[in-house]
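Asks: Supplied in structure tokens, the structure appears directly below.
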Amino acid sequence: PVRCVLPPSSLAPAMLAFRNVVPAMAAKLARNAVCVSGQRNLKDSISAKPKWDGPKGKEYPKHVATIGSLSQEQVMKVMDLALAMKKDPHAYKSALKDRTLLMMFEKPSLRTRVSLETGMTQLGGHGIYYALADSPLGKKESIQDTAIVASRFVDAMTARVYTRQAVNELIANSHVPVINALDDYAHPCQMLADLLTIIEHRGSFKGMKMAFVGDCQNNMTYDLMRLACLMGFHINVAGPADKGFNVEWSVVKECEELQKQYGGSFKIGNNRDEAVKGVDVVYCDSWMSYGIPNDERIERFKALMPYQIDAAAMALADKNAIFMNCLPAVRGEEQTADVLEGPQSVIYDQAENRLHAQKALITLLINGFDWKV
């Protein structure tokens, strides 16, 4: 059903006597009415957004909640475009001409904000930074209304928030692509940057073995497991057996399904040395992620210190192994300084590749995965 809300004007009373008004006047009043539709399809309303968007494929809008939201083929299209954009960035300076990305931030950020905003500028578009600290998501206005309204203004949205529920509700109500720029369950933009880095340093990820060591109840752990199962390589995950450090069961089940479809694999354990032995990639992440209370620090570090990545751990990995950390990193905590700054470390390549991977992803989500320059 559609209800028409009349604008406050001197002509409004005339609408009440619609049958008695001359046809020309009635038509003018109808054009000025604001029609609110219960339908989610913008084509069922008087929104001009479909005209701005132009023709879209049947999968539009494609949302990215986790790296598992993409197919293996779609991930490889992102990789191919990211490599091309990195090689010749000026060839893509109009790829998103006049397009706008709304970047919502509930958590602090350096790499995410700078890479997204820079990326949109380099592609000919515009990025809007929206600090949710000024207007908390779902507080003054529902997430549903925020998503629907913002969809009528912008071409895509990213959300760096505390909970997966916020991302899922944005996705459920948005008419444009939504990208999870980090929540408590996933970090798909980092996954694309990491895979791009691995391809550049190793040439391929086929047959690769990775180890993630540390806090396993972590968005990075979860998405790295998904990435391995999706792209067909193996990952060992190792951390304390204590409650509060374990992989959520829902992630295990999700990875088992991805494993059946794409052939990757994972193993969860509690021994650092067993996890890193012979692997091609050693990965760790902060032990004090955003949102962890500082008063838990001492107890967390007691449990996590046996999982620190040091020179001894790296010596157990393959001689050509690379070390990865998505940053921020703390020397002397999740890894030692000599590892972080050593010749096997690729952390700054990872950081830069956020820019190139995200540029490719956003371009394909807005223009379609079959888009060519």
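The values are calculated or read from the model by the stated rules, or taken from the named source; none is laboratory data. Keep in mind that this is a model prediction, so the values were computed, not measured. Cβ: placed from backbone, ideal geometry, glycine included. Neighbour counts: every protein chain shown. Side chains are part of the model used for accessible areas, which takes the heavy atoms of the whole protein and leaves out ligands, DNA and RNA. Shrake-Rupley method; radii C 1.70, N 1.55, O 1.52, S 1.80 Å.
Asks: Condition test on Lys319, is it of a type in the set (Lys, Arg), surrounded by fewer than 22 Cβ atoms within 10 Å (Cβ to Cβ) and closer than 22 Å to Met208 by Cα?
Replies: So Lys319 passes the test.
Asks: Ok, one more. Quick one: what pairs do we get from region 174-199, first residue open to solvent by 10 Å² or more (accessible area, probe 1.4 Å) and modelled with pLDDT of 95 or more, second among the basic types (Lys, Arg) and not in a helix (DSSP H, G or I), C-beta under 7 Å, 6+ apart or different chains?
Replies: Qualifying pairs under 7 Å: Leu182/Lys107; Leu182/Arg160.
Asks: Right, here's the next one. State yes or no: is Asp80 modelled with pLDDT of 90 or more and on the phi > 0 side of the Ramachandran plot?
Replies: no
Asks: Something else now. For Glu141, indicate whether it is acidic (Asp, Glu) and not in a helix (DSSP H, G or I).
Replies: Answer is yes for this residue.
Asks: For region 293-315, state whether one or more residues are open to solvent by 20 Å² or more (accessible area, probe 1.4 Å), under 28 Å from Leu70 (Cβ atoms), at pLDDT below 95 and in a loop (DSSP other than H, G, I, E, B).
Replies: Within region 293-315 (the criterion being open to solvent by 20 Å² or more (accessible area, probe 1.4 Å), under 28 Å from Leu70 (Cβ atoms), at pLDDT below 95 and in a loop (DSSP other than H, G, I, E, B)), the answer is no, since none of the residues qualifies.
Asks: Name, by its number, the condition in (1) closer than 14 Å to Leu224 by Cα; (2) open to solvent by less than 40 Å² (accessible area, probe 1.4 Å) that does not hold for Val276.
Replies: Failed condition: (1).
Asks: Hey, any hits in region 260-270 for a residue that's more than 16 Å from Gln335 (Cα to Cα), β-branched (Val, Ile, Thr), surrounded by 15 or more Cβ atoms within 10 Å (Cβ to Cβ) and more than 20 Å from the chain's Cα centre (by Cα)?
Replies: The answer is yes; a qualifying residue exists.
Asks: I've got another one for you. Just for region 108-118: of the residues that are out of contact with any Ser or Thr (no Cβ under 9 Å at 6 or more places or on another chain) and not acidic (Asp, Glu), which one is surrounded by the most Cβ atoms within 10 Å (Cβ to Cβ)?
Replies: Within region 108-118, the match that is surrounded by the most Cβ atoms within 10 Å (Cβ to Cβ) is Ser115.
Asks: Just give me the residues in region 131-165 being more than 18 Å from Pro61 (Cα to Cα) and either among the small types (Gly, Ala, Ser) or in contact (Cβ under 8 Å) with a residue 60 or more places away in the chain (or both), in sequence order.
Replies: Of everything in region 131-165, those that are more than 18 Å from Pro61 (Cα to Cα) and either among the small types (Gly, Ala, Ser) or in contact (Cβ under 8 Å) with a residue 60 or more places away in the chain (or both) turn out to be Ala131, Ala133, Ser135, Gly138, Ser142, Tyr162, Arg164.
Asks: If I filter region 327-340 down to residues being open to solvent by less than 10 Å² (accessible area, probe 1.4 Å) and out of contact with any Phe, Trp or Tyr (no Cβ under 7 Å at 6 or more places or on another chain), which single residue comes out as farthest from Ser286 (Cα to Cα)?
Replies: The residue in question is Leu340.
Asks: Let me ask you something else. Among the residues of region 276-294, is there at least one that is among the charged types (D, E, K, R), touching a residue at least 12 places away in the same chain (Cβ under 8 Å) and more than 23 Å from Phe205 (Cα to Cα)?
Replies: No, region 276-294 contains no residue that is among the charged types (D, E, K, R), touching a residue at least 12 places away in the same chain (Cβ under 8 Å) and more than 23 Å from Phe205 (Cα to Cα).
Asks: Would you call Gly368 within 30 Å of Asp53 (Cβ to Cβ), surrounded by fewer than 18 Cβ atoms within 10 Å (Cβ to Cβ) and modelled with pLDDT of 95 or more?
Replies: yes
Asks: Of (1) open to solvent by 60 Å² or more (accessible area, probe 1.4 Å); (2) in contact with a helix residue (DSSP H, G or I) (Cβ under 6 Å, 6 or more places away or on another chain); (3) of a type in the set (Gly, Ala, Ser), Gly127 satisfies all except one. Which?
Replies: The one condition Gly127 does not meet is (1).
Asks: Another one. Exactly one of these conditions fails for Trp287: (1) at pLDDT 95 or above; (2) surrounded by 13 or more Cβ atoms within 10 Å (Cβ to Cβ); (3) in a loop (DSSP other than H, G, I, E, B). Give me its number.
Replies: Going through (1) at pLDDT 95 or above; (2) surrounded by 13 or more Cβ atoms within 10 Å (Cβ to Cβ); (3) in a loop (DSSP other than H, G, I, E, B) one by one, Trp287 breaks only (1).
Asks: Does region 42-56 hold any residues that are open to solvent by 60 Å² or more (accessible area, probe 1.4 Å) and either at pLDDT 65 or above or β-branched (Val, Ile, Thr) (or both), and which are they?
Replies: Answer for region 42-56, where residues must be open to solvent by 60 Å² or more (accessible area, probe 1.4 Å) and either at pLDDT 65 or above or β-branched (Val, Ile, Thr) (or both): Ile46, Ala48, Lys51, Trp52, Pro55, Lys56.
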